[in-house]
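Derivation of every value follows stated rules applied to the coordinates shown; laboratory data play no part. The shown structure was predicted, so the numbers you read here are calculated from the model rather than taken from an experiment. Reconstructed Cβ throughout: ideal geometry from the backbone, glycine too, with neighbour counts over all protein chains shown.
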Amino acid sequence: MSARGSTTFLAEIRDGTLLLRGELDVASVQDLQSKIDEVMIQGQPIILDLAQLNFMDSSGILCLFKTWYTSGHPVVLRNASITVRRILDLVEEGPIPQAWVFDGEGPTVTR
């Protein structure tokens, strides 16, 4: 449960993509990590569909970095809202490699 009340989070595997619904926060990030572990294939990117994601806190962002580091590929983010794009663009400014790409756009960066 978050400070804002009762929340629901669901990560569903569909055609190799993880569909995220609800609020991704410290209380639900382990659910996402478990689903990522189920679909992870070394050397292959993880694809997350964020169309139904209402909220993501810093624990979700940290999960994206961990997934990028483990897989060796940027996490592909589909259907990210403008707000999520802005926040993640701000996080990635600086000398660190690109840990995610939106809708598969951009270079594939490996460590």
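Taking only pairs six or more apart or across chains, which ones have beta-carbon atoms under 6 Å, a first residue in region 49-61 that is closer than 11 Å to Ala27 by Cβ, and a second residue that is among the aliphatic types (A, V, I, L, M) and in a loop (DSSP other than H, G, I, E, B)? Every condition considered, the pairs that remain are Ser59/Val26. Residues that are in contact (Cβ under 8 Å) with a residue 40 or more places away in the chain and surrounded by fewer than 16 Cβ atoms within 10 Å (Cβ to Cβ) occur in region 68-76; there is at least one. Filter region 17-31 for residues that are touching a strand residue (DSSP E or B) at 6+ places or on another chain (Cβ under 8 Å) and either without any contact (Cβ under 8 Å) to a residue 12 or more places away in the chain or under 13 Å from Val75 (Cα atoms) (or both) and give the result. Within region 17-31, Thr17, Leu18 qualify.
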